[in-house]
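Trainee: Have a look at this one before I ask anything.
The values are calculated or read from the model by the stated rules, or taken from the named source; none is laboratory data. No experiment lies behind these values; they were computed from the predicted model shown. Please note: Cβ atoms are built from the backbone with ideal geometry, for glycine as well, and neighbour counts cover all protein chains shown. Only protein heavy atoms, including side chains, enter the accessible area calculation; ligands, DNA and RNA are left aside. Shrake-Rupley method; radii C 1.70, N 1.55, O 1.52, S 1.80 Å.
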Amino acid sequence: KRAEREGQGAIATMGRLPSQKALAATLDRCENAGHGGHAPIDEVKDFLRLCRDGKVRLPEQIARHGLRLVKSKEAKRKLNDTELWLINEQVCYALLDTGEIDEATMIVKALAKRFPKSSRVLVLQGALCECCGDYDKAEEVYKKVLEENEAHQGAWKRLCCVAKGRGDEEKAVKTLKEYLDVFCTDAEAWEELASLYLSLSMQKQASFCYEECLLIQPQNPSYHLKYADSLYSLSTPSTLHLARQAVGYYSVVLDLTNGSSVHAKYGLLCCLDAIRSQGRGSSSRLTEDEQKLAAKCARELEADYQEKCPALLAHLRATGILSSGT
């Protein structure tokens, strides 16, 4: 049941993928299969394919169902060669995520034997070294890959992970900036760079990274939300225009999520409360549209807490942000 809840939570973060319902249904069939708890091979194959296509990360579920596929002789007969090795790679990364080193090592050895000159297998070997805490060996492997192909995105990103694993966040930033000089349209890399900047308390630089994410994927509500958060964090009594900008981006999130984002409602009310309490003169007055928006969000946020988390409703009221809507 816990794994099922985790799977559903991860699927909910996917965004508006056409295959979202299909993935949820397939995962449900895999999790609740009969025949001794083993899902049919075709169901597991479809689940793994949908995860790959949607770039969905469900390590526990992928490791549990995929490992049985990797070890099954019947599956090896039914799968074509290309898909079989794709599944091996996918399951191996999931095993590394869940810390199942012995099983991951078995797959890495099989892949290395089948593809002795593959850079993808080398990167996988480096990831295994990282998981074992051998960062020197992992770095050596990734640099070897980059010597042969300096545009190998996976190796660049793993080098950044090595720096993070060592606790050297400044080097991780430097590595990721070098990567983005070449692959400037990689939204996930910009998001990771923003996260690194935040860990170094470099809020303005993080905000710039989220701007880049928005330029690349303007329909992704997560990036609008994070950019709005950064604007609100940067706002002060003398820069309340940033809080007003944040209100606009929180509003976009509500549009993109059909008004379902509790985070956006809370952030929007915090911004309007800051404008009213910290502004001076005319700058502290909300426009008619802002007042209507605040009232609507306050009603909906209170209803959301009442329905989904009544134990925290008193805390929400105690913050005073609901008064922004009155």
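Trainee: Comparing Leu286, Leu272, Leu111, which has the greatest mean-square fluctuation in the GNM of the chain with Cα pairs linked when under 10 Å apart?
Mentor: Among Leu286, Leu272, Leu111, the largest mean-square fluctuation in the Gaussian network model of the chain belongs to Leu286.
Trainee: Here's a follow-up. Once the dipole of the chain is set up with Lys and Arg at +1 and Asp and Glu at -1 on Cβ about the Cα centre, which of Leu256, Leu196, Ala303 lies farthest towards its positive end?
Mentor: Comparing the listed Cα positions along the dipole, Ala303 ranks first.
Trainee: Further question on the same structure: For the chain, modelled as a GNM with alpha-carbon contacts under 10 angstrom, which of Ala25, Ala274, Ala187 fluctuates the most?
Mentor: Among Ala25, Ala274, Ala187, the largest mean-square fluctuation in the Gaussian network model of the chain belongs to Ala25.
Trainee: Related question: Using r as the Cβ-Cβ distance of His38 and His263, and R0 as 35 Å, what FRET efficiency do you calculate, to the nearest 0.05?
Mentor: E(calc), rounded to 0.05, equals 0.35.
Trainee: With the convex hull built on the Cα atoms of region 287-326, state its orientation-averaged projected area in nm².
Mentor: 2.5
Trainee: In debye to the nearest 20, how big a dipole does the chain give about its Cα centre with +1 on each Lys and Arg Cβ and -1 on each Asp and Glu Cβ?
Mentor: 500
Trainee: Can I ask one more? Quick one: how many Å² of Asp53 are accessible to a 1.4 Å probe, rounded to 10?
Mentor: 110
Trainee: For region 233-326, what does the convex hull of the Cα positions come to per residue, in cubic angstrom?
Mentor: So the per-residue hull volume is 89 Å³.
Trainee: How high is the relative contact order of the chain, in percent, counting Cα pairs under 8 Å that sit 6 or more residues apart?
Mentor: 7
Trainee: If you average the C-alpha positions of region 116-195 and of region 91-113 separately, how far apart do those two centres end up, in angstrom?
Mentor: 18
Trainee: Please compute the Cα-Cα pair-distance distribution of the chain with 20 Å bins starting at 0, giving whole percents from short to long.
Mentor: Going from the shortest bin to the longest, the percentages are 25, 50, 23, 2.
Trainee: Over region 93-239, consider all pairs of different Cα atoms and compute the Kirkwood hydrodynamic radius from their mean reciprocal separation; express it in Å, one decimal.
Mentor: The answer is 16.7 Å.
Trainee: To the nearest 10 Å², what's Thr98's accessible area with a 1.4 Å probe?
Mentor: Counting only protein heavy atoms, Thr98 exposes about 50 Å² to solvent.
Trainee: Net charge around Ser195, counting only other residues with Cβ within less than 11 Å of its Cβ (Lys, Arg = +1; Asp, Glu = -1)?
Mentor: Overall, the nearby charge balance is -2.
Trainee: In the full protein assembly as shown, how much of Lys171 is accessible to a 1.4 Å probe, in Å² to the nearest 10?
Mentor: For Lys171, the solvent-accessible surface is approximately 90 Å².
Trainee: Measure up Lys109/Lys157; Lys71/Lys113; Lys21/Lys71; Lys143/Lys204; Lys73/Lys109; Lys55/Lys78 against 20 Å on the Cα-Cα distance and list the ones that go over.
Mentor: Result: Lys109/Lys157; Lys21/Lys71; Lys143/Lys204; Lys55/Lys78 exceed 20 Å.
Trainee: May I pose another question? From the protein chains alone at 1.4 Å, what is the descending order of accessible area for Lys296, Lys226, largest first?
Mentor: Lys296, Lys226
Trainee: Okay, moving on. Expressed in whole Å with the largest first, what are the equivalent ellipsoid semi-axes of region 173-295 derived from the C-alpha gyration tensor as the square root of 5 times each eigenvalue?
Mentor: Here the semi-axes work out to 29, 17, 10 Å.
Trainee: Between region 278-326 and region 219-237, what's the alpha-carbon centroid distance in Å?
Mentor: Taking the Cα centre of each part, region 278-326 and region 219-237 sit 18 Å apart.
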